[in-house]
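The values are calculated or read from the model by the stated rules, or taken from the named source; none is laboratory data. Computed from a predicted structure; not experimentally measured. Virtual Cβ from ideal backbone geometry, glycine too; neighbours counted across all protein chains shown.
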Amino acid sequence: MSSSLTSDPIQTPPAGRVGLRDVLGMYPNVREERLRHLSKWGLIQPVQHDAATEYSFRDVGVIKQVSAELDAGRSFRAIVRAQLAAQQGQLSLDFQPSAPRTEPARVIALPRPPRRAALPGRDAAAPADGPARRRAAEYFLEGFSLDEDEHNPEGQEGALVAYRRALTLDPDLIPALVNLGNIHYAREARVEAQALYERAVALQADCFEAHFNLGHVHHDLGRYTHARACYVAAIAIEPTYPEAHFYLAVVLEKQGLSADARRHWRAYRDMAPDGEWVELAREFSE
């Protein structure tokens with residue numbers, strides 16, 4: 001397959017863009033869900049104008065080539081891989097910024113694990129007393145109530161303060177560690193988020209949320225081997241959590257381990273038949 005994009009002239013409106021309906025009319029085999037996938041991979045960059053989706057000359061060139069190769073019998077998955085390789089020099093499944101950002105798992109309850117060994121550098125101090133625990137729990141619930149909308153800066157700042165107060169009273173309150181880490185992660189303060197998630201894991205080795213969210217940090221920083229280990233650990237704890245399979249599949253693909261990724265694409269597809277990424281999982285589970 002030639003990796004160069006076609007440059008044949010295409011009739012477009014004066015604005016230099018082609019509407020979604022026209023694209024689907026010219027290339028019906030590149031269905032709308034496939035256009036979404038091409039956008040998520042960053043291969044095309046449609047824009048919204050007056051509530052309509054429009055495509056540039058370059059986008060239409062990519063779509064035309066994809067259509068021709070589908071007509072020639074190539075699988076959509078193989079075409080996407082080849083286009084990524086042509087554009088980036090290697091297979092790179094980068095879901096940002098054109099894809100929704102990774103979503104950390106939140107802790108919504110206050111289970112108390114058994115007494116744990118001290119963290120490195122810390123003395124084996126007695127757990128927080130009853131009143132301090134209760135007050136810490138109150139601060140956690142206050143933070144959680146403010147933490148519902150990550151797009152509300154005032155609420156997020158209030159949640160951050162409340163979680164910190166909870167941890168001052170009870171430094172081993174794992175739900176507060178995880179959710180505070182999530183706020184830092186949302187602010188792209190990954191070093192702070194990583195430290196909080198790692199502390200939660202050290203306190204409770206089977207804390208699913210901490211393993212899963214730590215995987216996001218490593219993934220974002222390009223540390224795919226570490227991310228893979230975190231997602232594997234998360235799945236060992238919660239094997240029916242579909243997003244853990246999805247992100248593990250992404251990391252495995254980035255490492256060139258497509259055969260290993262396939263069963264996790266399938267797991268996500270089967271566990272989340274209405275999920276955001278189910279069509280993508282279907283394409284890559286073939």
>> Among the listed residues V232, V251, identify the single one that is in contact with a Leu (Cβ under 9 Å, 6 or more places away or on another chain), assigned to a helix (DSSP H, G or I), among the hydrophobic types (A, V, I, L, M, F, W, C) and free of Cβ contacts under 8 Å to residues at least 24 places away in the same chain.
In response: V232
>> Yes or no: segment 196-207 includes at least one residue that is farther than 26 Å from N152 by Cβ and buried (at least 24 other Cβ atoms within 10 Å of the Cβ).
In response: yes
> Which ones in segment 27-67 are of a type in the set (A, V, I, L, M) and either without any contact (Cβ under 8 Å) to a residue 12 or more places away in the chain or crowded, with 18+ Cβ neighbours inside 10 Å (or both)?
Replying inline: V30, L35, L38, L43, I44, A51, V60, V62, I63, V66
> Is it the case that A272 is modelled with pLDDT under 95 and surrounded by 24 or more Cβ atoms within 10 Å (Cβ to Cβ)?
Replying inline: no
>> What are the pairs with Cβ atoms under 8 angstrom where one residue, in segment 154-171, is more than 22 Å from P131 (Cα to Cα) and the other, located anywhere, is modelled with pLDDT of 90 or more? Sequence gap at least six, or different chains.
In response: Q156/I183
> Taking helices (runs of 4 or more DSSP H) that fall entirely within segment 139-207, which contain at least 3 residues that are of a type in the set (D, E, K, R) and under 28 Å from G222 (Cα atoms)?
Replying inline: 190-203
> Residues of segment 271-286 being closer than 25 Å to D206 by Cα and either assigned to a helix (DSSP H, G or I) or not hydrophobic (A, V, I, L, M, F, W, C) (or both), which ones?
Replying inline: M271
